[in-house]
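K.L.:
Shown below is the structure under consideration.
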Amino acid sequence: NELSVQTEKHGAIFDYQKIINELKYRLAYLNNKDIVISLKTDYPTAYAENVKPTLAEAKIILAKAPYSLIIPQTSLKNPGKKIDIQKNDLAKLLGAEQDEQINNKFKAGLKKDETSAYLNDNLSELTNVEPTEAKFEIENGKVTEFSASKKGQTLNIASTVAALEDIIQLAENSTATTSVQIVIDELASEITNETVNDLGIKELIGSGHSNFAGSPANRRHNIRVGADAVNGTLIKPGEEFSLLKTLGKIDASTGYLPELVIKGNKTIPEYGGGLCQIGTTVFRGSTESGLL
């Protein structure tokens, strides 16, 4: 948490322009004498005497730590989650930057590269979501695979750094906030529902669910056979769907097993026992979708 100003030091660099001029001269006059490469002084762009006043500003900024980064409520991942930047981490991110308005004047602020790396390391896993590409395949008139496209999101590091910079610059104000909302950008799928089929299928409009836990083996088998018969069925606009017609023949020849069914006032074994579960699930899905 200790802040200090490092004294400037002059450097040395090759005098590239002088080297280029000498080379041009040699070529022009076909002179093959050696070119002596010389160094010139490289002067610093910031001097300690100009930077030292920023120490007081930096200490005020640190005194208000931790600063909170908040994931928006609209985020697809961890909405509303708060991540605190503690004082010891913030100290590593602070530096002196030149005031764009006044020459040779510096102010305490975030080191952009270090802060960007910090946000990437600590926030990307909490916010980033890869978009899901749409899939749609038909075999023998039935849909064998369908998954809707889903949008993703990614952390906008540059905008979040800028937002964080804005609040630390207000640290001298005793009523200033120490929290900032993370900036997240939406990522669109490259392969959308519209691009994978020409049938007008764009989205999931409803779903039905039912539970048959505890059912005997033959009942579970019949439900699986029935589900395979119904799954992937395409219904044209205006077409009337019949579950019985879609299920087709229900006997041993189509893979069904005998299982108890309620028939009249009796409970007797019949082929396809358990298909009422399919009917219940389809009914719920149809109701949820507004198709009844």
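K.L.:
Taking the conditions exactly as written (out of contact with any strand residue (DSSP E or B) (no Cβ under 7 Å at 6 or more places or on another chain), hydrophobic (A, V, I, L, M, F, W, C), outside the structural domain of Ala63 (by TED's automatic domain parsing) and over 30 Å from Lys111 (Cα atoms)), does Ile235 satisfy them or not?
P.N.:
Against the criterion (out of contact with any strand residue (DSSP E or B) (no Cβ under 7 Å at 6 or more places or on another chain), hydrophobic (A, V, I, L, M, F, W, C), outside the structural domain of Ala63 (by TED's automatic domain parsing) and over 30 Å from Lys111 (Cα atoms)), Ile235 qualifies.
K.L.:
Which of (1) in the same structural domain as Thr280 (by TED's automatic domain parsing); (2) surrounded by fewer than 14 Cβ atoms within 10 Å (Cβ to Cβ) is the odd one out, the single condition Leu243 does not satisfy?
P.N.:
The single condition Leu243 does not satisfy is (2).
K.L.:
How about the stretch 1-30: which of its residues are of a type in the set (Gly, Ala, Ser) and more than 30 Å from Leu90 (Cα to Cα)?
P.N.:
Residues satisfying the conditions are Ala12, Ala28.
Yes/no matrix, rows are residues, columns are (1) surrounded by 11 or more Cβ atoms within 10 Å (Cβ to Cβ); (2) touching a Lys or Arg at 6+ places or on another chain (Cβ under 8 Å):
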| position | (1), (2) |
| --- | --- |
| Ile19 | yes, no |
| Tyr29 | no, no |
| Asp34 | no, no |
| Tyr43 | no, no |
| Tyr47 | yes, no |
| Lys59 | yes, no |
| Leu62 | yes, yes |
| Asp84 | yes, no |
| Lys87 | yes, no |
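K.L.:
Go through the stretch 103-201 and tell me which strands (runs of 3 or more DSSP E), entirely inside it, have 3 or more residues that are crowded, with 16+ Cβ neighbours inside 10 Å.
P.N.:
Ranges flagged: 106-110, 152-155.
K.L.:
Tell me yes or no: at least one residue of the stretch 85-93 is within 29 Å of Thr175 (Cβ to Cβ), part of a strand (DSSP E or B) and within 28 Å of the chain's Cα centre (by Cα).
P.N.:
Yes.
K.L.:
Scan (1) closer than 19 Å to Thr246 by Cβ; (2) outside any loop (DSSP other than H, G, I, E, B); (3) touching a strand residue (DSSP E or B) at 6+ places or on another chain (Cβ under 7 Å) for the single condition Asp228 breaks and write down its number.
P.N.:
Only one criterion is unmet by Asp228, namely (3).
The values are calculated or read from the model by the stated rules, or taken from the named source; none is laboratory data. As the structure is a prediction and not an experimental result, all values here were calculated from the model. Heads up, the Cβs are rebuilt from the backbone with ideal geometry, glycines too, and the neighbour counts pull from every protein chain shown.
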